[in-house]
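Please treat every number below as a calculation from the coordinates, not as lab data. As the structure is a prediction and not an experimental result, all values here were calculated from the model. Using ideal geometry, Cβ is built from the backbone for each residue, glycine included, and neighbour counts are taken over all protein chains shown.
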Amino acid sequence: MSRVPAKETIHSFTQGTTSTSRYRTPCGTSPKRNNVLDQPVTALKGVGQKKALLLKEEAGIETVEDLLYYIPRRYVDRSFFKLIKDCFINEIVTVSGMISRVAVSGSRKKFLEVEIDDGTDSLMGVFFGAVSFFQRIFTVGDSVIFSGKLNFYREKQIVHPDFDFIFDDPGR
C-alpha cells in the first residue's frame, strides 16, 4: 500500500469547497448575521447622540451587542439596612433614621449638614451644592434613608448621600 502525501490528501479533501460552505443552512443558502446586534446604540429607543457619546466614553459601549455583553464592575445593594453604630468607615452603607438637625455651615462656601439618628448613633449627611434646595426639602422630624460611602471628618458622615424619604401616609 502506497502512502499518499499529506499535501495531496488535504488538497483533495478541500477541493471545490469554500470557507463559507460549512455555514450553509439546510436549504443551501448562506445565513445572514443578525444586523440588529451591529447597530449603534442610537438605534435603541431613548438613546440619542448625547447618551451614546456618554456610553462610549464611560463604558466603551458603541453597539447593541456591546450593551448586551456589558457587565458592571460593581453593584450596590441598597436593600440591606445597617444600624449606624454597626457601620465602618469607608464602607458603602444604607441607613435609615429620623432627621434631628438641619444646619447651614461654612463661611465662604456654604454647605448643608443633615443629621440623622436611628436610636443607636447618629451621622451627618453633607451637601455642598444647592444648599437652599436641600434646606427646603429636609425637615427635622422626617424619616429618611441615606446611602453612600461612610467617612469620618469630626464625626461619621456621608457626603452627598443618595436619599429617600419614608412616609407613613402613602398619599403624601
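List of remarks:
- Convex hull of Cα atoms in segment 84-166, direction-averaged projection (nm²): 5.0
- Protection proxy ranking, peptides 149-157, 45-53, average beta carbon neighbours within 10 Å, highest first: 149-157, 45-53
- Candidate cross-link partners of LYS82 among the aspartates and glutamates, defined by an alpha-carbon separation under 16 Å and a same-chain spacing of 8 or more, comprise GLU91, ASP117, ASP118, ASP121, ASP162, ASP164.
- LYS50-ASN151 FRET efficiency (beta carbon distance; Förster radius 30 Å; 0.05 resolution): 0.40
- The trypsin sites (Lys or Arg not before Pro) found in segment 96-139 that occupy coil by DSSP, while having at most 10 further C-beta atoms within 10 Å, are ARG108, LYS109.
- Too-long pairs where the Cα-Cα distance tops 24 Å, listed order kept, from LYS51/LYS109; LYS56/LYS110; LYS109/LYS156: LYS51/LYS109; LYS56/LYS110
- Sites listed here are chymotrypsin sites (Phe, Trp or Tyr not before Pro) in segment 74-124 whose DSSP assignment is loop and whose Cβ has at most 10 other Cβ atoms within 10 Å: TYR75, PHE80, PHE88.
- Think of segment 71-172 as having a plus end and a minus end, set by charges on the Cβ of Lys, Arg, Asp and Glu; of VAL126, ILE145, PHE167, VAL126 sits farthest toward the positive end of this dipole.
- Extended-chain gain in nm, criterion 0.36 nm per residue less alpha-carbon gap, ASP38 and VAL131: 28.9 nm
- Efficiency of FRET from Cβ geometry, ASP77 and ARG101, R₀ 22 Å, rounded to 0.05: 0.15
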